[in-house]
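A.B. asks: Below is the structure I would like to discuss, written out as structure tokens.
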Amino acid sequence: MRLRYLEFDYSEGADGIGTFDALAATAPAHHAAVLAEVAVVLAWAHDAFEAQRAPLDEGGEWDYDLQAWREFSAVDALDFDEHSGELSIQPQPTGAARHTVSLSVTGTPSFCAAFRDRFHST
């Protein structure tokens, strides 16, 4: 399955433990689609490695960290007065929220191989 919003970067420690990291920042209209992809990934991991989710240093096969936040921004219109040499600032209304979701999935070599196969991740 190809994911549209979650693009994972992979890193691996000397012990063979791998981590897939994805960060998706979208407009509100796409936030539900990002969350649906997160649910697909986590549902697969829970189904494929049932009852094996736990911190790896405690014997788990895989684990994850999931975070989300909303960011709001506002543009300031700047105007330079060439006669006085000064800038004036006109604050503009706050724009729509930007939703950001961060998902890190860590696992053993066998988990990472299965993850790559399932999500075509490098």
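A.B. asks: Do you know which of the residues in the stretch 104-122 that are under 30 Å from residue 32 (Cβ atoms) and aliphatic (A, V, I, L, M) is surrounded by the fewest Cβ atoms within 10 Å (Cβ to Cβ)?
C.D. replies: In this case the residue turns out to be 114.
A.B. asks: Only one of (1) in contact (Cβ under 8 Å) with a residue 24 or more places away in the chain; (2) closer than 21 Å to residue 117 by Cα fails for residue 50. Which number is that?
C.D. replies: (1)
A.B. asks: For the stretch 1-90, which fully contained strands (runs of 3 or more DSSP E) count at least 2 residues that are surrounded by fewer than 12 Cβ atoms within 10 Å (Cβ to Cβ)?
C.D. replies: Details: elements: 9-12, 18-26, 62-71, 74-81.
Qualifying strands (runs of 3 or more DSSP E): 9-12, 62-71, 74-81.
A.B. asks: Now, a different point. State which residue is nearest to residue 5 (Cα to Cα) when the search covers only the stretch 93-103 and only residues that are surrounded by 11 or more Cβ atoms within 10 Å (Cβ to Cβ), out of contact with any Phe, Trp or Tyr (no Cβ under 6 Å at 6 or more places or on another chain) and modelled with pLDDT under 95.
C.D. replies: Filtering first and then ranking leaves 98.
A.B. asks: If you don't mind, there's one more thing I want to ask. Got a sec? Which of 50, 71 is over 22 Å from the mean Cα position of the chain (by Cα) and at pLDDT below 95?
C.D. replies: 50
A.B. asks: Report, by residue number, each residue of the stretch 91-113 that is out of contact with any helix residue (DSSP H, G or I) (no Cβ under 7 Å at 6 or more places or on another chain), among the small types (Gly, Ala, Ser) and assigned to a strand (DSSP E or B).
C.D. replies: Those that are out of contact with any helix residue (DSSP H, G or I) (no Cβ under 7 Å at 6 or more places or on another chain), among the small types (Gly, Ala, Ser) and assigned to a strand (DSSP E or B): 102, 104.
The values are calculated or read from the model by the stated rules, or taken from the named source; none is laboratory data. In this text the structure is predicted, and so the values were computed from the model without any measurement. Note that we place each Cβ from the backbone using ideal geometry, even for glycine, and neighbour counts take in every protein chain shown.
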